[in-house]
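Note sheet for the following structure.
Bear in mind that the values in this text are calculations on the coordinates, not laboratory data. Here the structure is a predicted model, which means the values were calculated and not measured. Cβ atoms come from the backbone with ideal geometry, glycine included; neighbour counts cover every protein chain shown.
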Amino acid sequence: MEFTKPVLAYAEIWPLIAVLGVACLGVLAEALLARPHRHRAQVLLAGTGLVAALVGTVVVGTRLDVVADGTARGVIGGAGSVIVDGPTVFLWALVLVFSLMGLALFAERKVEAGVSVFAGQAAALPGSDAERQAQGLDHTEVYPLMMFAIGGMMLFPASGDLLTMFVALEVLSLPLYLLSGLARRRRLLSQEAALKYFLLGAFSSGFFLYGMALVYGYAGTLDLGGIDAAIRNDSGNSGMLTIGLGLLLVGLLFKVGAVPFHSWTPDVYQGAPTAVTGFMAACTKIAAFGALLRLLYVGFGADRWTWQPVLWVVAILTMLIGALLAVAQTDVKRMLGYSAVAHTGFLLTGVLGAQAAGELAVGQVTSLQAVLFYLATYSFATLGAFAVVTLVRDSSGEATGLDRWAGLGKRSPLVAGAFAFFLLSMAGIPLTAGFAGKWAVFTVAMSAGAWPVVVVAITSSVIAIFFYVRTIQVMFFSDVAEGTEPAVVAVPSWLTSGTIAVAVLGTLVLGVVPGPLLELAADAGQFIR
C-alpha cells in the first residue's frame, strides 16, 4: 500500500495552533514564574494569543479559495480531519471575540477586593485551614485551562471526521469541568456543579463514542464526506445508521443544553464562577452548534428525513420546558440558565430550515446563515448579562437571589439599565439583536414547512417575556423587603466595564443594523462536503 503524506494546511489552521501553543506556554509560565508575577503574565499571554488568532482568522478568511465544485470556499487539511471553510472561519471569529470578552471577566480583580473570583487553592477543602490560608492567593492556572478550552472550541466545528470531533469535544470539555469547580466563594455549590457537569459529560461522551462505532460499522469510515457517500449509496444496515446517529446526537445535544439533556445547565450556570458561566454560555454554544451543523448538513444531509422529525420534537420540548421552568426561578443565574435552554430550542428551530441557497427564493436567508447570526446576537446578550451579575453583590459575595435585586434600578440605574437591555434582547423585543436573530431563524423554519415548530417558538417567546419583564419590574419598581439585605453594585475595573459596554453596543447595533453581519454570514458560504 502506498503511503500518502497528509497535507496539514498550516497556512489555514495556524490560528488554532496559536491558541493551543499559547495554552502550552501558559503551563510553562505556571511552572517557571514566581507566583506574584503569574497573573499579569498569564493575562498578557492569553490576550496576545487571542488577538493574534483573531487577526489570523480574518486573514485566513480573506484568502480562502473556491473549491472544485464552486459552491464553497475553503481547504481540507490533515487528510480530511480538519476543514477550514467559510463557516469555520466565521465560527472561529465568534469564539475568539467572545473569548476575549470572557478573558476580561476572568482577569477582573477589583470587584473581589484585589483578588480574582477563583479559589486560591482548588485542592483545599471548603472551610478548612488550608483554604483560609489560601484566601489571598491567585489561581492563575485558569488561563491555560481557558486557552485549551478555546482550542477545543475552534477544532470542534472544523472537524472533518468523527474521531477529530470526539477529540475536540474532550479538549473543550475537560477544562470546563475544572473551571466550573473553582469559585472562591460558595465552594461546595461550585464543586457540586463541577461534579454534575463532569459525570453527565462523561456519559454523553460515551454515547458519542458508541455512536461513532455504529456509524463506522455502517459506512466503513469516520470521514463525514465518506459517511454522506455511504448514505447516498445505501450501502449498509440502515438500523445501525439510525441508532448511531441517535447516539451522536445525544452527545452534541448535551453540549448545547437541549431537552432532555439539559439538567446540568441551570446547576452548572448557578454553581460555576460567573465569569466561567458567561464564557461557557456564549462560546460553548457557538462551538457545539457549529459541530452539530457540520455533522447534520455534511455527514447526514442525505438522511435528513431521519433526523429532522427528531429535531422537531427536541426543539419544541426545549423551548417549552426552558421557558416554563425559567418562570419558577428565584435565582438570577438559574433563570438565565433556563433561558439558555429556551434559546437552544430557538437555535434548533433554525437548524430545521433549508440548508442551501438553491432551495430558497432569492433574498431569503439559509438555515446556516440564520443560525450563525443568532449565535452572535445571543452571545452578546448572555455574556453581557453574566458580566452584570458579577457586579451585583452583598456581604457574602455575588447576590443572585432575585429579591436582592429589588430597587437596583434606583441605586445603580446604568447597570440595571444594561441588564434590562440584555433581557429585552433575549425576549426578542424590536430594535434589539435578539429580535433580528429570532426573525432569521423563524423565517428559515417557515420556509422549510416547520410552521408548527415556529408556532411553539412564538408561544415560548411570549412566555419568556414574563420572566424577563418580571426581573425588570423587580429592579425598577420594587423595594427591598424588610429584613433583606439589598444588593449593591461593586465598582469594577475597565475590564468588566468594557465587556458590558461592548455587549451593549453589539446588541444595539445588530438590532438596528443587522444587514452587514447577515451578509457576512452569507458570504461565508456553505460547508465543504
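Which distance in nm do the two modelled labels at D403 and D65 give, with both placed 7 Å along the Cα-to-Cβ direction?
Inter-label distance under the simple model: 6.7 nm.
How would you order 92-103, 373-384 from highest to lowest mean count of nearby Cβ atoms within 10 Å?
The packing order, highest mean first, is 373-384, 92-103.
Taking R0 as 51 Å, what FRET efficiency do you get between S395 and Q308 from their Cβ-Cβ distance, rounded to the nearest 0.05?
The formula returns an efficiency of 0.45 here.
Nearest 10 degrees is fine. How inclined is helix 142-158 to the longest principal axis of the chain, computing both from alpha carbons?
In the chain, helix 142-158 runs at an angle near 30 degrees to the longest axis.
Highest mean first, how do 344-352, 495-503 rank when packing is the count of other Cβ atoms within 10 Å averaged over residues?
Result, highest mean Cβ count within 10 Å first: 344-352, 495-503.
Where a Cα-Cα gap under 20 Å defines reach, which aspartates and glutamates qualify for K255, not counting those fewer than 8 residues away within the same chain?
Filter leaves D161, E170, E192, D267.
Evaluate E = 1/(1 + (r/R0)^6) for L189 and T484, where r is the Cβ-Cβ distance and R0 equals 22 Å; express this FRET efficiency to the nearest 0.05.
The calculated FRET efficiency here is 0.60.
In whole angstrom, how far apart do the alpha carbon centroids of the stretch 18-54 and the stretch 174-224 sit?
Answer, in whole Å: 26.
Summing -39500 (n - 2.57) over the DSSP H runs of n ≥ 4 in the chain and dividing by its residue number, what mean residue ellipticity at 222 nm do you reach, to the nearest 500 deg cm²/dmol?
One gets -22500 deg cm²/dmol as the mean residue ellipticity at 222 nm.
Could you give the Stokes-Einstein D for the chain in µm² per second, using the C-alpha Kirkwood radius, 4 °C, 1.567 mPa s?
56
Below 25 Å, Cα to Cα, which lysines can K410 reach? Residues fewer than 8 away in the same chain don't count.
Output for K410: K110, K333.
Taking the alpha-carbon centroid of each part, what is the distance from the stretch 276-313 to the stretch 459-524 in angstrom?
26
Grab the Cα-Cα distance for D129 and L199, subtract it from 0.36 nm times how many residues apart they are, and report the gain in nm with one decimal.
22.3 nm
Full extension from V491 to R40: what is 0.36 nm times the residue separation minus their Cα-Cα distance, to one decimal in nm?
160.3 nm is the gain from fully extending V491 to R40.
So between T48 and V462, what do we pick up on full extension, going 0.36 nm a residue minus the alpha carbon distance?
Extending this stretch completely gives an extra 144.8 nm.
What number, in percent, do you get for the relative contact order of the chain if the mean sequence gap of Cα pairs under 8 Å and at least 6 apart is divided by its residue count?
With pairs under 8 Å counted, the relative contact order is 16 percent.
Among 517-527, 26-36, how do they line up from the highest to the lowest mean number of other beta-carbon atoms within 10 Å?
517-527, 26-36
Take V509, project a point 7 Å from its Cα along the Cβ direction, then tell me which residues of the stretch 366-384 have their backbone nitrogen under 13 Å from it.
377, 380
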